[in-house]
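Report on one structure; see the data block that follows.
Coordinate-derived values only; no laboratory data. Here the structure is a predicted model, which is why all the values come from computation and not from measurement. Backbone-built Cβ (ideal geometry, glycine too); neighbour counts: all protein chains shown.
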Amino acid sequence: MSNKLSFYIDRPSPLQRLNPLTKMAVAFAFIIIAFSAHWYWAPLIIFFVGIIPIAVVGKLGREFFSTSVHLFLPLFAFLFVMQSLFHPGGTTVLFRLWFLTVKLEGVQFAFLTATRILVMVSSFLLVLLSTHPSTLMSDLTQRGFPAMLSYIVTSTLQIIPQMRNKAGTIIDAQHSRGMNTEGSLGQRVKALLPLVGPLVFGSLVDVEERAVALEARAFNAPRKKTSLREIPDTGWEKVVRWICLLLVVVSMGSNIWLS
Amino acid sequence: MAIIELNDFSFQYTTGKQPALQHVSLSVEEGEFIAIIGPNGSGKSTLCDTIAGFVPHFFKGETSGSVKVDGVETLSSTLAEMVLHAGLVFQNPFNQISGSKFTVYEEIAFGLENLGVPGGEMAGRIEEVMALTGIKDLADRSPYALSGGQQQRVALASILVMQPRVMVLDEPTSQLDPIGTREVFQVVRSMTSKGITIVMAEHKVEHIAAFADRVIVLDEGKILLQGTARDTLTDPLLPERGVGVSRFTTVAHLAQKEALWPADHVLPVTLEEAADGFQEILRGDHAH
């Protein structure tokens, strides 16, 4: 059974061994600085000087590159076309193409937005590629994050593929009774109800059983939970996290100061 | 010493029109293996949920009488307390997977984490139940990528690891194929050898006959019969009430009507007993 919803790649590396909180802190620092820094080229520099080397250290270069290309190329193409043509208030005309006018301000804005999005998505991508969801959740729970919330996150990751399988089974069952799910739009919409009905009601029944199962495993016991694996955290990682915080404060402060 | 004691216990679900259990009195000795049979709606699941404490702490309703499990008055206790004494495993193996763990090993640890067992103590306990349930080779697999029988053994291990003294099994094989059923019964057999008290609702009477110390027949929320597997499973009341009778008993019963199975011979329940009986008859060992 595929577990496609988790991006994690099990490949030992210095990046994989880092505490999840450190990775999150660095990712957030990159993002906040990319968005708040006063300097126009900051996001691009963060991407080339920060994110790409980390991807290489994490031995995730190939996956990182291919996912990025798939994710960003269409988005950026769309962004540049829209912004360069329709950015409001632009005055510097770069060139005209029939009735379309490409303005410098639009291109600049598109570039800034694109590099910011690049930093935001790619730093999270690195966290997800190098961190197993259960490692992340164990660490957060150990730090006092509510167990209920981390349960919701991890169980959702697991349950969505199961729901997909279930929907497949229901569709097969309805097909074998002669239901037609192909054809015109109206036909397809009509075919949706016999799928959604059993899926939703079946899941509601499952919820009660799942609740019983969780109770039987003492999920609601009023005790302090422990963890199978202690997620290691080192002194220098704490220092790195403080530095991240400091950089964020400086970046946001300079933004306020200079504007 | 009795580890489970129900005294004149009755229960009606909040949504129920009539009581699901009526004046049930039952005493189970420590280490005993009790099987509960009965037609659908006879109260098997309610009785299981009562012993595990889910009635009335999870499934609400009106109670009367008393229930005591492993020294704890369940009606005045809490569910969090009860799960330390009685473990519950039910039909659907899929819904018993917590959903928050990515490997079988982590899945088994889930209950220990919730109980606050120190991390260093977990490995030994997990290894032990994995050996007992025969799932050692599945440790690193996803709990979702298993067969029904394997999943049900993971569910059993996940409860066993919490070390309850009573295991309540509510039709644990009803959604499994014959291989899965056999695997689960093998685990149940190992549990009895560990001295764990077992209460099991089950339709598959041939398996019950082979393992259970005592069989309780429920009908309309009351105890209709109880006694050794041999006596209850061949009782003429069972087919009358539409309760599962072993096909081997049925065959021998039909043979008896044709005067092929001697009237003074006890009816068989398992395949082995039927085979032995018919061999004896065919060889002509039995004097006519």
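Things to note:
- Under 17 Å from A:LYS59, Cα to Cα: aspartates and glutamates that are on another chain or at least 8 residues apart: A:ASP10
- Three-way shape call for chain B based on the alpha-carbon gyration tensor, with the a/c threshold at 1.5: oblate
- Amide hydrogen neighbours beyond the local backbone of A:LEU94, cut-off 5 Å, H modeled: A:VAL102, A:LYS103, A:LEU104
- Under 5 Å, built H, 5+ apart or other chain: amide partners of B:ASP219: B:LEU224
- Helical segments meeting 27 Å axial Cα length and Kyte-Doolittle 1.0 threshold in chain A (DSSP H): A:61-86, A:104-130, A:235-258
- Gyration tensor verdict on region B:104-203 (Cα atoms; rounded if a/c is under 1.5, prolate if a/b is larger than b/c, oblate otherwise): oblate
- Within region A:114-213, the trypsin sites (Lys or Arg not before Pro) that combine a DSSP coil assignment with at most 16 other C-beta atoms in a 10 angstrom radius are A:ARG143, A:ARG177.
- Rounded to 5, the percent of DSSP beta bridges in region B:124-276 classed as antiparallel: 50
- Computed FRET value (nearest 0.05) for B:GLU128 with B:GLU272, which takes r as the C-beta separation and R₀ as 25 Å: 0.20
- Taking amide H as placed 1.01 Å from N in the peptide plane, the amide H of B:ILE36 sits under 5 Å from that of B:MET200, B:ALA201, B:GLU202, B:ILE216, each at least 5 places away or on another chain.
- Projected label points at A:PHE48 and B:ASP140, each 7 Å from Cα along the beta carbon direction, are separated by 4.1 nanometres.
- If R0 equals 22 Å, the separation of the Cβ atoms of A:THR156 and A:ARG229 corresponds to a calculated FRET efficiency of about 0.55.
- Between A:VAL189 and A:ILE171, the contour length at 0.36 nm per residue exceeds the Cα-Cα span by 5.1 nm.
- In this simple spin-label approximation, A:MET179 and A:TRP242 carry label points 7 Å from Cα along the Cα→Cβ vector, and these lie 6.1 nm apart.
- Sites A:GLN142 and B:LYS17, calculated FRET efficiency, Cβ-Cβ separation with R0 45 Å, nearest 0.05: 0.40
- Gyration tensor (alpha-carbon) shape descriptor, chain A, a/c threshold 1.5: oblate
- Beta bridges by DSSP in region B:2-245, antiparallel share as percent, to the nearest 5: 55
- Modelled spin labels at A:ILE256 and B:LEU254, positioned 7 Å past Cα toward Cβ, are 8.9 nm from each other.
- Measuring between alpha carbons in the structure, the pairs from A:LYS166/B:LYS101; A:LYS166/B:LYS222; B:LYS44/B:LYS194 lying more than 27 angstrom apart are A:LYS166/B:LYS222.
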